[in-house]
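Scroll down for the structure; my scribbles are underneath it.
The values are calculated or read from the model by the stated rules, or taken from the named source; none is laboratory data. Predicted model, so just to flag it, every value in this text is computed and none were measured. Note that we place each Cβ from the backbone using ideal geometry, even for glycine, and neighbour counts take in every protein chain shown.
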Amino acid sequence: MNLRHIEVFREVYLAGSVSGAARALNVSQPSVSKVLRHAESRLGFPLFRRLKGRLAPTDEAHALFREVDELYGRIGSLQQTARNLKRGGEGHIRLAVVPSLGLGIAPQAIAQFRRKFPRVSFDVRTVHHSEILKALYERESDIAVAFEVPPHPRLTLVDLATSDVGLLYREADLPNAPPSLDLGTLEDSPVIGMVGSGPVGSLLAAEMESRGMRVTESISVHTYYVAAALVRFGAGIAAVDEYTAGASVNQELSFRPLTPPVRFKVQYAFLNDRPPSGVAKAFVQTLTETFRTNGHN
């Protein structure tokens with residue numbers, strides 16, 4: 001199949017008709033039919049059968065479409081990379097951060113940096129740990145800042161700070177709590193758990209397993225923002241990183257680190273073959289100072 005065959009096949013598969021594919025491609029129906037017949041002739045088997053006025057894919061077509069869809073995904077990735085290359089420049093920093101750091105530390109560092117270098121522009125996006133390599137590879141980001149970045153042979157990782165996991169709770173639920181709390185506190189409380197919470201969740205799970213703890217989560221969420229909101233409304237206690245907690249603590253909500261401590265590294269990452277520019281390195285220095293100013297060394 002050549003690229004024209006693939007393009008027509010994909011649109012017919014998605015539309016379920018020659019007419020729908022023709023509209024999507026902005027060509028005539030006879031043109032689509034001709035290309036489709038030629039593709040089937042080259043392949044040696046039919047791709048569609050007419051069923052109740054629609055073109056139903058054959059089993060072979062279903063198998064081909066999985067490959068074609070993956071190919072279009074790679075083409076989309078290529079196009080995104082090209083767009084990001086066009087937008088790049090020494091005076092522009094594309095920064096990826098995990099959501100927790102987007103609540104306070106990253107905005108504080110960016111504001112401070114731009115006061116010194118007002119002509120430097122930023123593109124800031126939040127990513128989950130599984131998306132870091134993609135964001136860097138496709139040039140969506142020049143550097144990524146996250147917790148315990150998963151090692152990869154293409155990545156260089158640099159430590160920025162060490163931080164704590166702790167419990168976020170309402171003062172009314174745990175009045176006069178000590179300066180730190182045992183993880184066992186969760187066994188006696190309604191727990192708001194995180195689904196797919198990355199390295200922080202893995203550290204907590206490992207600590208619980210080592211202690212033989214069994215915690216029943218009354219509510220599971222996918223973002224720490226929602227966990228913090230649920231705590232605020234009295235739905236339970238959540239184990240969160242201290243950056244999420246820092247953006248949530250008020251007169252009603254408090255945060256205590258765990259005892260024994262559960263700590264994690266904050267790191268920044270970049271591709272080995274695409275080291276950060278001079279202006280990006282200068283920003284990392286500001287970011288490091290921001291962590292220290294906020295008591296994270």
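Given the structure, is Thr288 among the β-branched types (Val, Ile, Thr) and under 30 Å from Lys134 (Cβ atoms)? Here the answer is yes, as Thr288 does meet what is asked. Selection over the stretch 202-235 of residues that are surrounded by fewer than 17 Cβ atoms within 10 Å (Cβ to Cβ), touching a strand residue (DSSP E or B) at 6+ places or on another chain (Cβ under 7 Å) and within 18 Å of Pro99 (Cα to Cα) gives a count of 1. Checked across the stretch 236-248, the condition of being surrounded by fewer than 20 Cβ atoms within 10 Å (Cβ to Cβ) and either more than 18 Å from Asn294 (Cβ to Cβ) or touching a Lys or Arg at 6+ places or on another chain (Cβ under 7 Å) (or both) holds for no residue. Take the conditions (1) of a type outside the set (Asp, Glu); (2) surrounded by 16 or more Cβ atoms within 10 Å (Cβ to Cβ); (3) more than 16 Å from the chain's Cα centre (by Cα); Ala144 misses just one of them, which is (3). Checked against (1) at pLDDT below 90; (2) touching a helix residue (DSSP H, G or I) at 6+ places or on another chain (Cβ under 7 Å), Ser141 passes all but a single condition, namely (1).
Does Leu271 satisfy the criteria of being surrounded by 18 or more Cβ atoms within 10 Å (Cβ to Cβ) and out of contact with any helix residue (DSSP H, G or I) (no Cβ under 9 Å at 6 or more places or on another chain)? For Leu271, the condition - surrounded by 18 or more Cβ atoms within 10 Å (Cβ to Cβ) and out of contact with any helix residue (DSSP H, G or I) (no Cβ under 9 Å at 6 or more places or on another chain) - is not met. Check the stretch 42-52 and report whether any residue there is loosely packed, with under 13 Cβ neighbours inside 10 Å, within 30 Å of Glu131 (Cα to Cα) and at pLDDT 90 or above. No, every residue in the stretch 42-52 fails to be loosely packed, with under 13 Cβ neighbours inside 10 Å, within 30 Å of Glu131 (Cα to Cα) and at pLDDT 90 or above.
Determine whether the stretch 105-113 contains at least one residue that is over 30 Å from Leu230 (Cα atoms) and over 14 Å from the mean Cα position of the chain (by Cα). Checked against the condition, which is being over 30 Å from Leu230 (Cα atoms) and over 14 Å from the mean Cα position of the chain (by Cα), the stretch 105-113 yields at least one hit. Only residues that are under 21 Å from Pro199 (Cα atoms), part of a helix (DSSP H, G or I) and not basic (Lys, Arg) were counted in the stretch 106-136, giving 8.
Conditions tested, residue by residue: (1) under 17 Å from Gly166 (Cα atoms); (2) of a type in the set (Gly, Ala, Ser); (3) at pLDDT 90 or above; (4) buried (at least 17 other Cβ atoms within 10 Å of the Cβ).
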site: Gln251; (1), (2), (3), (4): no, no, no, no
site: Leu258; (1), (2), (3), (4): yes, no, yes, yes
site: Pro261; (1), (2), (3), (4): yes, no, yes, no
site: Lys265; (1), (2), (3), (4): yes, no, yes, no
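Considering only residues in the stretch 80-103 that are in a helix (DSSP H, G or I) and touching a strand residue (DSSP E or B) at 6+ places or on another chain (Cβ under 8 Å), the one that is modelled with the lowest pLDDT turns out to be Arg87.
From the residues in the stretch 51-79 that are in contact (Cβ under 8 Å) with a residue 24 or more places away in the chain and assigned to a helix (DSSP H, G or I), which one is farthest from Ser17 (Cα to Cα)? Within the stretch 51-79, the match that is farthest from Ser17 (Cα to Cα) is Ser77. Scanning the stretch 254-282 for residues that are aromatic (Phe, Trp, Tyr) and under 22 Å from the mean Cα position of the chain (by Cα) returns Phe264, Tyr268, Phe270. When each of Arg139, Arg170 is tested for being under 11 Å from Phe270 (Cα atoms), touching a residue at least 12 places away in the same chain (Cβ under 8 Å) and surrounded by 15 or more Cβ atoms within 10 Å (Cβ to Cβ), the lone residue that passes is Arg139.
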